[in-house]
Amino acid sequence: LLASPLARGLFHKAILQSGGCDVIRTMQEGYEDGKAFAERLGCAPSGDAVECMRSKPVDKILEATSWGEEMNPFDLGHWEHVWVPKEDGRFLEQTPIDALRSGNYNRVPLMVGSNRDELKLFVISMPGARLIPKSLVRKGYAEIFGPEAVDRIEQLYPYEAYPRPM
């Protein structure tokens, strides 16, 4: 909402928490993600996929959105793409992170936060993930934030301050 010109004036405060400013897809990617999701539900894109999907029970929809065994906690692109915002040129003229960086967003009082144990959500189904060696944690930092940020992250969050690197 901070990044959408259509939301201007509709709220007077905002909270940024738990990432998401760069989890976005293009409209074309959105159409492709939607087709793939419809197919996972057994709804052929050539037919009335919308009506078919609406007829599915909740348990089938949840099953079709499952991340499965292939989830990688360092891959922020793992989010179920069907449910993320799309840069459509109308509601979102640019990615939210680019809007914030350029100053082209709805300026309201802002609170920014994070959740200390949020990563546990991603590693709960991955036995041994809490024991990942520092070298792989560094690799994850580089993949997520870029190689130039790794040293600064380690300065701010030294390994010695945490019982487990993850």
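Can you confirm whether residue 38 is over 16 Å from the mean Cα position of the chain (by Cα), of a type in the set (A, V, I, L, M, F, W, C) and either closer than 20 Å to residue 107 by Cβ or at pLDDT below 85 (or both)?
When the stated conditions are applied, residue 38 does not pass them.
Tally the residues that are at pLDDT 90 or above and either within 25 Å of the chain's Cα centre (by Cα) or polar (S, T, N, Q) (or both), restricting the search to region 42-53.
The qualifying residues number 1.
Under 9 Å by Cβ, and 6 or more places apart or on different chains, what pairs join a residue from region 1-26 that is at pLDDT below 90 with one that is hydroxyl-bearing (Ser, Thr, Tyr)?
17/114; 18/114; 19/114; 21/95; 22/95; 24/95
Using the structure shown, decide if residue 17 is open to solvent by 60 Å² or more (accessible area, probe 1.4 Å) and in contact with a Ser or Thr (Cβ under 7 Å, 6 or more places away or on another chain).
So residue 17 fits the description; yes.
Search region 128-150 for residues being assigned to a helix (DSSP H, G or I) and exposed (fewer than 11 other Cβ atoms within 10 Å of the Cβ), and hand back the single one that is modelled with the highest pLDDT.
That would be 148.
Tally the residues that are open to solvent by 80 Å² or more (accessible area, probe 1.4 Å) and either at pLDDT below 80 or outside any helix (DSSP H, G or I) (or both), restricting the search to region 56-78.
Number satisfying all stated conditions: 2.
Any residue at all in region 108-127 that's in contact with a strand residue (DSSP E or B) (Cβ under 9 Å, 6 or more places away or on another chain), assigned to a loop (DSSP other than H, G, I, E, B), at pLDDT 80 or above and surrounded by 16 or more Cβ atoms within 10 Å (Cβ to Cβ)?
No, every residue in region 108-127 fails to be in contact with a strand residue (DSSP E or B) (Cβ under 9 Å, 6 or more places away or on another chain), assigned to a loop (DSSP other than H, G, I, E, B), at pLDDT 80 or above and surrounded by 16 or more Cβ atoms within 10 Å (Cβ to Cβ).
For region 23-48, which residues satisfy the criterion of being among the acidic types (Asp, Glu) and surrounded by 13 or more Cβ atoms within 10 Å (Cβ to Cβ)?
Within region 23-48, 29, 32, 33, 39 qualify.
The values are calculated or read from the model by the stated rules, or taken from the named source; none is laboratory data. On a predicted model such as this, the values are computed, not experimentally measured, just so you know. Here the Cβ is made from the backbone with ideal geometry for all residues, glycine too, and neighbour counts use every protein chain on show. Ligands, DNA and RNA are stripped out before the accessible areas are found, and what is left, the full protein with its side chains, is counted by its heavy atoms. Shrake-Rupley method; radii C 1.70, N 1.55, O 1.52, S 1.80 Å.
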